[in-house]
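Data first, discussion second: the structure below is written as structure tokens.
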Amino acid sequence: MGFLILNRVFQAALVMIVVAMAAFVLSNYVGDPISNMVGQEATQEDRDQLREDLGLNDPAPVQFVRFIGNALQGDFGISYRLQRPVSDLVAERLPATLELVMVSAIFALVVGIPLGIFTALYRTFWGSRLILTVSLAGVSLPTFVVGILLIYVFSVTLQWLPSFGRGETTALGGWTTGLLTVDGWRAIIMPAITLGLYQLTLILRLVRAEMLEVLRTDYIKFARARGLTNRAINFGHALKNTMIPVITIVGLNIGGLIAFSIVTETVFQWPGMGLLFVQAVQFADVPVMSAYLVLASLIFVLTNLVVDILYVVIDPRLRTERRVKAGV
Amino acid sequence: MTRLFIAICVVMGMVLPAAAQDENVLRWASRGDALTFDPHGQNETPTITALTQVYETLVSRDAALTLMPRLATSWEITEPTVWEFQLREGVTFHDGTPFTAEDVAFSLTRAQGDSSDFRSLINTIESVEVVSDHVVRVHTSVPTPLLVANLTDVFIMSAAWSSTHNVEEAQDFAAGEENYAVRHANGTGPFTLELREPDIRSVFTRFDGWWGLEVFEPHNVDRIIYTPITNDATRVAAILSGEVDFVLDPPLQDLRRLESAPGLQVQQTAQVRTIFFGLDQASDELRSSNIRGANPFADRRVRLAMYQAIDIDAIQSRIMRGLSQPAGVIISPPINGHTAALDTRPGFDPDAARQLMADAGYADGFSVTLDCPNNRYVNDEAICQATVAMLARIGIEVTLDAQPKSLHFPKIDNRETDFYMQGWGVPTLDSEYVFQFLYYTGRRNNGTGYSNARLDELTDLMAQELDEARRNEMIAEAWAIATEDIVFLPLHHQVIVWAVSDEFDQPIVANNTPQFYMGRFTD
């Protein structure tokens, strides 16, 4: 078991090094940062001087080693665009993204699981068919279309919800939260729905499929034969066994939510990491781009690692199989 | 069920609109935020727009772009290389310290520092002499007739405040850290910077101690909240839903929608920015052409043929939706040196163009790559696509390479393009600026490689000529040369469009920099 975890950690570290290299290499091919940093009237000497000062003339390996060394200390340099340390920017933006991801994940779970159960239990009811048909739209509509549709209906036409921003935020130490004010909740409704819609339909369909599968198994039939109530069978036995794959998928998808939040954040001008990244790309703001890539993959790698380890902990079969294979 | 009902009630309570406010709050949005609040950090229009609410300059421009006194009340040339400024009395900074000549001397010196982005505007200044508390003399190395026009973007800071907060030099990228002035401000202007969250929100509050409240008709804006909204559709939705009162850059495709919306007005005016194509006419052969050993663009007939092959009216009506002024010269009407005669194009005439191509020996045409930005000018990429089709009709096979501005402009700087789109604005409102940057031999922004000894000579002369009539003759001669040589292919002058709530009255200005003390809530 210890060996397995060590193995996974080693793999994660390897992935991170590759990502760091990709971030670094990419940074050398996304335009000339110097021309963005100085005005159009700056002289050639100024440009050369700045290039030298920023170390952009050093050999690539030297720059890469410096990059890794600084990154390990959380130092990604100064943003070319905003002229502020990247670590400060990330620290400011991370709460917005994490809050959005959290709320949309909860939304997807709280709505998706009951709907999944409902459609599994009442397969032939017209309401179930309607839910399934509508959920198709959730899978097939691109995020930005959903966002703009919501804005059109609830902001422009009905004028109920704000079309952009995070509303009023409260600072709790270094963390800003919008979840303590009415304004903040009003602002998060549409972005969270937009971001969570795809996850919701995924969970709905997964729960439904798993549930149907489980309901056909022998132990459910046996439970019925024992005369247990429908409630006890459906929720006590069937749902519990349905949840294992659902939790795995949700865990893995948290990383996906963070990645997809780029689009949602742009549409709603949500001041999180994704928006920061998009603007950095347009400006060839290399320090911010590399920081984002490294951080996003770190989150991915960490969630994967945790899920992997949890899987082994939860499911005894995995451990036994390993031992058998290893000949223990 | 009761619980569900309560939950619905709570949600509905949340979505009800917030209560009306007593103070006049101007909420406005544009695509991109200011890059910094350091007054000498970035010479870029959105940044200057934000700064101009808080900081002031010695000389400013009114809504018609004529020079007007601001922190200086009058100015004159006392000797060929000396400008004397009388400074306004009774002006205080937001922190309460009085404004004096020392602050002017400090600020002009700071703006000339190595890390300042404004230094080339005022690089002829040798020293700033403090004569008394409210008189300064600016000594220049050579006669500088345009000094006053160049000072319209150079903001004045407090010497004491800068020293307290250790910001005596403009922000330096290479330093790897931000300075205090990037997110804090202490100007003399009509609004104070209350809150600065870059890319999220900036809040400005009315400065009751502003001198202008007694000099101009007092404004009634108590607070300004600025939010950058990157996405076009969201920005439009924000003003349609009444969440903002002013959008600086509404997308062209939504103008009709905005015009028909109740409670909104769409204003427009010609901008001081002209869009044009540049052609490398100096290289021995083009990088991207099938013609080897010769440069087709070096032949004036080819350049004229291309000029005549561009159907500018089609571009104006179909791509720009009427929001452009076809141009015959790369300076727009407010700029000194512009004349109606200069600003006429040779007629659109594909037949004449084909004949010119044949005369030049390119009856079968040639191939070339057109480099174009796709996020800098209004509909830049669409204009380039249309041009590709128009040039195909005279046999020029154009490959379009449209890229973000961060990739496009270095190609011009590094001479890696044969044929490119460019746009140019003129903050000094004088032709010299254009000759200096775009026509002068070897200048970085002159991607054409064009070189004309007489034009260079005239440019040097006009920079120092104090006699206005003689200077204007030089400008006219220079334009005659430049136009005759067809160095660039002018397209159009851009038009600025603002979307404003009916409740707010803001005069539109051609430099696209709204000064909100000029605005009024009308209720």
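The values are calculated or read from the model by the stated rules, or taken from the named source; none is laboratory data. All of these numbers come straight from a predicted model, not from anything done at the bench. Using ideal geometry, Cβ is built from the backbone for each residue, glycine included, and neighbour counts are taken over all protein chains shown. For the accessible areas, the whole protein counts, side chains as well, though only heavy atoms, and no ligand, DNA or RNA atoms are used. Shrake-Rupley method; radii C 1.70, N 1.55, O 1.52, S 1.80 Å.
Taking the Cα centre of the protein assembly as shown as the origin, how large is its charge dipole in debye, to the nearest 20, when only Lys and Arg (+1) and Asp and Glu (-1) carry charge on their Cβ atoms? All intermediate terms of the calculation are to be shown ahead of the outcome.
Details: 62 positive and 95 negative charges, 1280 e Å.
Charge dipole of the protein assembly as shown: 6140 debye, to the nearest 20.
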The long-range amide H neighbours of residue B:60, using H built 1.01 Å from N in the peptide plane and a cut-off of under 5 Å, are B:68, B:70
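What percent does the relative contact order of the stretch B:106-256 come to when contacts are Cα pairs within less than 8 Å and at least six residues apart? Working shown, then result.
On the way: 161 pairs, mean separation 20.7, N = 151.
It rounds to 14 percent for the stretch B:106-256.
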How large is the dipole of chain B about the Cα centre if only Lys and Arg carry +1 and Asp and Glu carry -1, each at its Cβ, rounded to the nearest 20 debye? 1520
Using the C-alpha atoms of the protein assembly as shown, what convex hull volume per residue, in cubic angstrom, is computed? 213
Quick one: if the Förster radius is 56 Å, what FRET efficiency do residue A:121 and residue B:503 give, using the C-beta to C-beta distance and rounding to 0.05? 0.55
Normalised by the number of residues in the stretch B:39-185, what is the relative contact order in percent for Cα pairs under 8 Å and 6+ residues apart? 29
In terms of modelled amide H atoms, which long-range or inter-chain residues lie less than 5 Å from the amide H of residue B:403? B:372, B:374
Any idea which of A:237, A:275, A:256 is furthest toward the positive side of the dipole for chain A, if Lys and Arg beta-carbons carry +1 and Asp and Glu beta-carbons -1? A:237
Where a ≥ b ≥ c are the square roots of the eigenvalues of the C-alpha gyration tensor, would you call the stretch B:12-141 rounded, which needs a/c under 1.5, or, failing that, prolate if a/b is larger than b/c, or oblate? prolate
May I ask you to find the residues of the stretch B:409-454 that are shielded by at least 50 Å² of accessible area once the whole protein assembly is considered instead of their isolated chain (probe 1.4 Å)? B:444
Mind grabbing the accessible area of residue A:3 for me, 1.4 Å probe, Å², rounded to tens? 140
Which is farthest toward the positive dipole end of the stretch A:92-318 among A:209, A:101, A:160, measuring Cα position about the Cα centre, with Cβ charges +1 (Lys, Arg) and -1 (Asp, Glu)? A:209
Got a number for the accessible area of residue B:78? Probe 1.4 Å, square angstrom, nearest 10. 60
Which ³J(HN,Hα) values, rounded to whole Hz and listed in residue order, are derived for the stretch B:86-94 from phi using the Karplus coefficients 6.51, -1.76 and 1.60 in 6.51 cos²θ - 1.76 cosθ + 1.60 with θ = phi - 60°, glycine and proline given as x? 8, 9, 5, 9, x, 9, 10, 6, 4
Taking Cα atoms only, helix B:468-484 is inclined relative to the longest principal axis of chain B by an angle, in degrees rounded to 10, of 50
On a C-alpha basis, how far is the centre of the stretch B:379-447 from the centre of the stretch B:43-91 in Å? Whole number, if you could? 32
Dipole magnitude of the stretch B:270-496, debye to nearest 20 (Cβ charges: Lys/Arg +1, Asp/Glu -1, about Cα centre): 580
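With a 1.4 Å probe, what is the total accessible area buried between chains B and A, in Å² rounded to the nearest 100? If you can, show how the numbers build up before the last one.
Values: alone 22470 and 18530 Å², together 36620 Å².
So the total buried area for this chain pair works out to about 4400 Å².
If you roll a 1.4 angstrom probe over the protein chains with everything in place, what fraction of the accessible area of the protein assembly as shown belongs to carbon and sulfur, to the nearest %? All intermediate terms of the calculation are to be shown ahead of the outcome.
Details: 21050 of 36620 Å².
Result for the protein assembly as shown: 57 percent of the exposed heavy-atom area is carbon or sulfur.
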For the protein assembly as shown, what is the accessible area per residue in Å², given a 1.4 Å probe and the full set of protein chains? 43
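Would you please name the chymotrypsin sites (Phe, Trp or Tyr not before Pro) within the stretch A:105-174 that are DSSP coil residues with at most 16 other C-beta atoms within 10 Å of their C-beta? Walk me through the intermediate numbers first.
Numbers: sites: A:107, A:118, A:122, A:125, A:126, A:144, A:152, A:154, A:160, A:164; in loops: A:122, A:125, A:160, A:164.
Of the chymotrypsin sites (Phe, Trp or Tyr not before Pro), the ones in loops of the stretch A:105-174 whose Cβ has at most 16 other Cβ atoms within 10 Å are A:122, A:125.
Going by a ≥ b ≥ c, the root eigenvalues of the Cα gyration tensor, does the stretch B:406-523 fall in the rounded group (a/c under 1.5), the prolate group (a/b larger than b/c) or the oblate group? Mind showing how you got there, number by number?
On the way: a/c = 2.91, a/b = 1.59, b/c = 1.83.
The shape class here is oblate.
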Judged on accessible area alone, 1.4 Å probe, highest first, B:194, B:468, A:99, A:210 line up as B:468, B:194, A:210, A:99
Residue A:130 and residue B:355 label points (each 7 Å along its Cα→Cβ direction) are spaced in nm at 7.3
For the stretch A:87-96, in residue order, the Karplus 3J(HN,Hα) values (coefficients 6.51, -1.76, 1.60; θ = phi - 60°; whole Hz; Gly and Pro = x) are 4, 5, 4, 4, 4, 6, 8, 4, x, 4
Options B:240, B:268, B:307, ranked by Cα towards positive dipole end of the stretch B:214-334, top entry (Cβ charges): B:307
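What's the local net charge at residue B:290, with K and R +1, D and E -1, over the other residues with C-beta under 13 Å away? Mind showing how you got there, number by number?
Numbers: positive: B:287, B:292; negative: B:285, B:364, B:397, B:418.
Here the charged neighbours net out to -2.
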Take residue B:137 and residue B:400, extend 7 Å from each Cα along the Cα→Cβ direction, and tell me the distance between the two endpoints in nm. 5.9
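So what's the net charge close to residue A:186: Lys and Arg +1, Asp and Glu -1, counting the other residues with Cβ under 15 Å from its Cβ? Can you show the working numbers first?
Details: positive: A:166; negative: A:99, A:168, A:183, B:243.
Spelling it out: positives minus negatives among the neighbours equals -3.
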Considering only DSSP beta bridges where both residues belong to the protein assembly as shown, give the percentage that are antiparallel (nearest 5). 75
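Expressed as a rounded percentage, what relative contact order does chain B have, with Cα pairs under 8 Å and six or more residues apart? Can you show the working numbers first?
Values: 1054 pairs, mean separation 96.3, N = 523.
Relative contact order comes out at 18 percent.
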List the aspartates and glutamates whose Cα lies under 17 Å from the Cα of residue A:240, skipping any in the same chain that are fewer than 8 positions away. A:210, A:213, A:218, A:315
Based on a Kirkwood Rh over C-alpha pairs, give the Stokes-Einstein translational diffusion coefficient of chain B at 25 °C and viscosity 0.890 mPa s in µm²/s. 97
Please give the average number of partner chain Cβ atoms lying within 10 Å of the Cβ of each residue in A:182-192, rounded to a whole number. 2
Which FRET efficiency value, to the nearest 0.05, is calculated for residue A:181 and residue B:484 with the Förster distance at 60 angstrom and r the Cβ-Cβ distance? 0.35
Provide the per-residue ³J(HN,Hα) series for the stretch B:330-345, in order, calculated from phi with Karplus coefficients 6.51, -1.76, 1.60 and θ = phi - 60°, each as a whole number of Hz, with x at glycine and proline positions. 8, 10, 8, x, x, 7, 4, x, 6, 9, 4, 5, 4, 8, 10, 8
Treating the angle as unsigned and between 0 and 90°, give the value, to the nearest 10°, between the Cα long axis of helix B:453-464 and the longest Cα principal axis of chain B. 20
Can you give me the angle between helix A:126-140 and the longest principal axis of chain A, using Cα atoms only, in degrees from 0 to 90, rounded to the nearest 10? 20
May I ask for the distance between the Cα centers of the stretch B:117-155 and the stretch A:52-102, given as a whole number of Å? 38
Hey, how many Å between the Cα centroid of the stretch B:329-344 and the Cα centroid of the stretch B:460-521? 9
Take chain A, drop everything but the C-alpha atoms, weight them equally and run the Debye formula without solvent; then report log10 I(q)/I(0) at 0.07, 0.09, 0.11 Å⁻¹ to two decimals. -0.40, -0.64, -0.89
